[in-house]
Each structure stands twice: as C-alpha cells, then as structure tokens.
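Just so it is clear, none of the values below were taken in a lab; they were calculated from the coordinates. In this text the structure is predicted, and so the values were computed from the model without any measurement. All Cβ positions, glycine included, derive from the backbone under ideal geometry; neighbour counts span all protein chains shown.
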Amino acid sequence: MSASLAPECNGVKERYDSCFLKWYSEKFLRGNATTDECEPLFKQYKQCLGKALKSRGIDTMLEEAREDNRENDAQHLRGGCESLVHPAIPRESCVRILTII
C-alpha cells in the first residue's frame, strides 16, 4: 500500500486500505457484501487529508482544478461511476475509489 499524500494521515490510510482490501476480496467479490464496513475509516482518512490539504493551501488549487474540468468530468461520468471502475461496485464505494485515486 502506498503512503498518504500527508504523512500525518498514514496510519488511518493504512487501516482504511487494509479494511477495504479485505472487504473487497473476502466479501464484495464473493457477493457477500451488504454494507461497506470501511466507511468510518474512509471518513476519518478523508477528514485527515482534507485538513492537511487545507493547511498546505492545496485545497483551493484542487477546487479550482475540479471547477476547470467539471464539464469534462460530467461527460466521462455520463455512463455512471460504475462504468469507470466495475459495474458491480456499489455507487458509494465507486465514488470513494475514484476520490482516492
């Protein structure tokens, strides 16, 4: 697993990555996933990363880049998030995967 963009978030990112990989391989791929058990860890990581990006002034640059590419993103997402990752991945997990990538 790779390190977080923000070193202070490495611990929670590692826990989330481990949780997600286990959930994905042991439950989702076998058709036994009814909930996303890793959502609380994802929220913790997203919050940590958000604070780190803001403290470095990167949050504004990201928002500007997202705004500049909103039309292009909309065109690619017309088929749905699932078309970019895997059709069987639940929408909330799909969006989370693309957010982290």
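Modelled label positions at residue 34 and residue 54, each set 7 Å beyond Cα in the direction of Cβ, lie 3.7 nm from each other.
Computed from the C-beta positions of residue 3 and residue 71 and an R0 of 35 Å, the FRET efficiency is 0.60 to the nearest 0.05.
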